[in-house]
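So the structure is just underneath, and the comments pick up after that.
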Amino acid sequence: MCGIVGYVGKHSCAEILLGTLEKLEYRGYDSAGIAVFDHDNIEVRKAQGRLKNLRERMEKDGVPSGVAGIGHTRWATHGEPSDINSHPHNGGNVTIVHNGIIENYKEIKNFLIGKGRHFVSQTDTEVAAQLLDYYYNGDPIEAIVETMHNVRGSFALGIMFKDFPGTVFAVRKESPLIVGIGAEESFIASDVTAILNYTRDYYLLEPNEIAVLSPYGTNIYDLHYNKLSKPLMHADWDENAAEKQGYAHFMLKEIHEQPEAVKTTIRSRITDGLPDLEECGITLEMLRGFRNIHVVACGTAMHAGLVGKYIIEELARVPVNVDIASEFRYRDPLVTKDDLVIIISQSGETADSLAALRLSKELGAKTLAIVNAKGSSIAREADMLIYTLAGPEIAVASTKAYMVQISVMYLLAFSIALANGAINEDKCRELTAELVKMPERIEKAVQLEENSQYAASTLVNAESLLYIGRGLDYALSMEGSLKLKEISYIHSESYAAGELKHGTISLITEGMPAIAVVTQKRLVEKTVSNMKEMKARGAYVIAVCAEGISIESDAADYIISLDECPDILAPMTAVVPLQLIAYYTSVLKGNDVDKPRNLAKSVTVE
Ligand code: M6R
């Protein structure tokens, strides 16, 4: 999704804006631009494509010199990626950058055209710029307030008024924006990772708050012009966490960080060998007696929810529905006040997941969020909150966030089962002890990197492939398939192994690769016979299985064997080769692993 940055300080800001935009590259973008106050003028440079194109444009057209400005990486929503549609956009006295969507932009555009205004781009952003200018009568705040009353949607804006050189304004409705406070300098940014090199102190801008960053200080107002006093937040993320530190890609680094991320996430939530969520303000009493549990999320986070369904149902015997947030929110879901709704999100800002959370609250359910990004909207709005402690995840393809999300699902499943009396304390202790051993086992799975690399080399020319599994292995194969699709661009499907014969097996032709996940001992025979059926029809079968599971040569061509662990915890190790296979396939294809085409890290629009 689009990224916004802004700077007001004592230093020439063009390079600072570019540097902070680089930190937002991971969000996904197709064009970039900056606007800088060069004395009394606002100088704009923008270009379609990567930031290097913008740098080239600046070499050609000159680097604006000035100490205040705004910058943007665009992920096209209204209008194709092009120089013209890139931000910043101008509307007379006003220059803006924008993240999100102005829903009623057509009606505003028609209104402004009726007032004799002309538009040069196809964007909703230019409409917002022109509307701000239309309301501008010498008072920027008044223009912003009036605009906020007349636009609908979910968005954030960075704004410069020509008559106020050196000052940057910012406002948001839904889309996140923070205001960073450094020594004699201040920033705006879509997320805190952008500014970690300069400061860790920041304000979270709430919806309908207006930030004014000027050489004389930074102030935040509400829409009634009241000056607000807000708590200053501090990011405890290590600035190196957002650097590659010698790894070829963030994705590879994040795969390697998984053992540590799990350790950090579970360590403080276990007391005397039992799960203990009290540091998150969650007692066993609060988890007791729900009639249904709904897990609602998108993409990889939804796949973590699927693992949760299997384990909560198995251990706690409570029915769990897993829903895609964009479906849930429009389906008039059967959620009541006796239900628990768990929202899982790395970013905590995914528009559909946030809407699902709000709907669940309206329906009277208790809500619990599992979120990685501190202070994000989902984290703030849920009734109960468990942070996953993975540090920043930069690669668009989520790996360590999934791993910590399922770690929390285990802690929750154990706790709910204990709270409901479905397992006793001894059983809970036994499961928790096994969970504590998982970081070591995950580390061993990461060490199988070469095996995954080899498996990837057998897939690289495939046009399509299948992932199969049963039970938890099926949940996992969905994640494996998504990972491969999003970064290798190879089409793949994941199927419940037993479903193959009901249609999909007709896709198999000579040499077509298939990946079978086989970790659930009681289901091995069943899955192995499906593998044999595929192999007999020409498929090249790669098996990802747990140690001790023997797979004959008529069932698989290549086997990646993982360390022994209890079946219920196997997703934590088995996902690693699936991640690495996707990673190396993407590398071998020469793709941009961390920034796959068309994708954004945080999907803050519907
Ligand atoms: O920030 P969230 O966890 O809410 O994001 C949900 C999905 O957009 C995300 O998991 C997406 O599917 C990833 N690109 C998958 O790798």
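The values are calculated or read from the model by the stated rules, or taken from the named source; none is laboratory data. What you are looking at is a predicted structure, and each value in this text was computed from that prediction instead of being measured. Neighbour counts are summed over all protein chains in view; Cβ atoms, including those assigned to glycine, are modelled from backbone coordinates with ideal geometry.
Observations, loosely collected:
- Among the numbered conditions (1) more than 16 Å from the ligand (Cβ to nearest atom); (2) part of a helix (DSSP H, G or I), the only one that Ile423 does not meet is (2).
- Residue match in the stretch 427-443 (condition: at pLDDT 95 or above and in contact with a His (Cβ under 8 Å, 6 or more places away or on another chain)): no
- Unmet requirement for Val335, which otherwise passes all of (1) surrounded by 22 or more Cβ atoms within 10 Å (Cβ to Cβ); (2) away from the ligand (no atom under 15 Å from the Cβ); (3) free of Cβ contacts under 8 Å to residues at least 40 places away in the same chain; (4) more than 30 Å from Arg429 (Cα to Cα): (3)
- Residue in the stretch 265-285 that is closer than 29 Å to Ala600 by Cα, touching a helix residue (DSSP H, G or I) at 6+ places or on another chain (Cβ under 7 Å) and within 16 Å of the ligand (Cβ to nearest atom) present: yes
- Criterion: at pLDDT 95 or above, within 16 Å of the ligand (Cβ to nearest atom) and either in contact with a strand residue (DSSP E or B) (Cβ under 7 Å, 6 or more places away or on another chain) or among the acidic types (Asp, Glu) (or both) - qualifying residue of Val404, Val408: Val408
- Residue within the stretch 552-571 that is in contact (Cβ under 8 Å) with a residue 60 or more places away in the chain, outside any loop (DSSP other than H, G, I, E, B) and within 16 Å of the ligand (Cβ to nearest atom) present: yes
- In the stretch 473-505, residue farthest from the ligand (Cβ to nearest atom) [restricted to those that are of a type in the set (D, E, K, R) and more than 26 Å from Glu525 (Cα to Cα)]: Lys485
- Among the residues of the stretch 183-198, the ones that are under 17 Å from Leu21 (Cβ atoms) and either surrounded by fewer than 24 Cβ atoms within 10 Å (Cβ to Cβ) or touching a Pro at 6+ places or on another chain (Cβ under 8 Å) (or both) come to 7 in all.
- Check on Ala413, within 11 Å of the ligand (Cβ to nearest atom) and touching a residue at least 40 places away in the same chain (Cβ under 8 Å): no
- Helices (runs of 4 or more DSSP H) enclosed by the stretch 1-118 - at least 2 residues per element that are within 30 Å of Ser398 (Cα to Cα) and either in contact with a Cys (Cβ under 8 Å, 6 or more places away or on another chain) or acidic (Asp, Glu) (or both): 14-24
- So Asp567, is it charged (D, E, K, R), out of contact with any Gly (no Cβ under 8 Å at 6 or more places or on another chain) and at pLDDT 95 or above: yes
- Matching entry among Ser326, Ser345 (being within 15 Å of the ligand (Cβ to nearest atom), under 21 Å from the mean Cα position of the chain (by Cα) and closer than 19 Å to Arg269 by Cβ): Ser345
- Taken over the stretch 361-378, the criterion of being crowded, with 23+ Cβ neighbours inside 10 Å, part of a helix (DSSP H, G or I) and away from the ligand (no atom under 15 Å from the Cβ) is satisfied by no residue.
- Among the candidates Ala582, Ala516, the residue that is within 16 Å of the ligand (Cβ to nearest atom), of a type outside the set (Val, Ile, Thr) and either closer than 15 Å to Ser477 by Cβ or in contact (Cβ under 8 Å) with a residue 60 or more places away in the chain (or both) is uniquely Ala582.
- Meets criteria (modelled with pLDDT of 95 or more and either over 17 Å from Phe250 (Cα atoms) or buried (at least 24 other Cβ atoms within 10 Å of the Cβ) (or both)) for Ser347: no
- Tally, over the stretch 286-313, of residues that are within 16 Å of the ligand (Cβ to nearest atom) and either within 19 Å of Val576 (Cα to Cα) or in a helix (DSSP H, G or I) (or both): 10
- Among the conditions (1) at pLDDT 95 or above; (2) buried (at least 24 other Cβ atoms within 10 Å of the Cβ); (3) not basic (Lys, Arg), the only one that Tyr29 does not satisfy is (1).
- If you filter the stretch 102-126 down to residues that are surrounded by fewer than 22 Cβ atoms within 10 Å (Cβ to Cβ) and touching a strand residue (DSSP E or B) at 6+ places or on another chain (Cβ under 9 Å), you find that the one that is modelled with the highest pLDDT is Ile108.
- Within the stretch 587-606, being within 12 Å of the ligand (Cβ to nearest atom) and either assigned to a helix (DSSP H, G or I) or touching a Gly at 6+ places or on another chain (Cβ under 9 Å) (or both) holds for Lys595, Pro596, Asn598, Leu599, Ala600, Lys601, Ser602, Val603, Thr604, Val605.
- Those residues of the stretch 488-536 which are surrounded by 18 or more Cβ atoms within 10 Å (Cβ to Cβ) and part of a helix (DSSP H, G or I), in sequence order: Ser488, Ala497, Leu500, Leu523, Val524, Thr527, Val528, Asn530, Met531, Met534, Lys535
- Where a residue in the stretch 360-375 is at negative phi and its partner, wherever it lies, is modelled with pLDDT under 95 and assigned to a strand (DSSP E or B), with Cβ under 9 Å and at least six apart: Lys374/Met233
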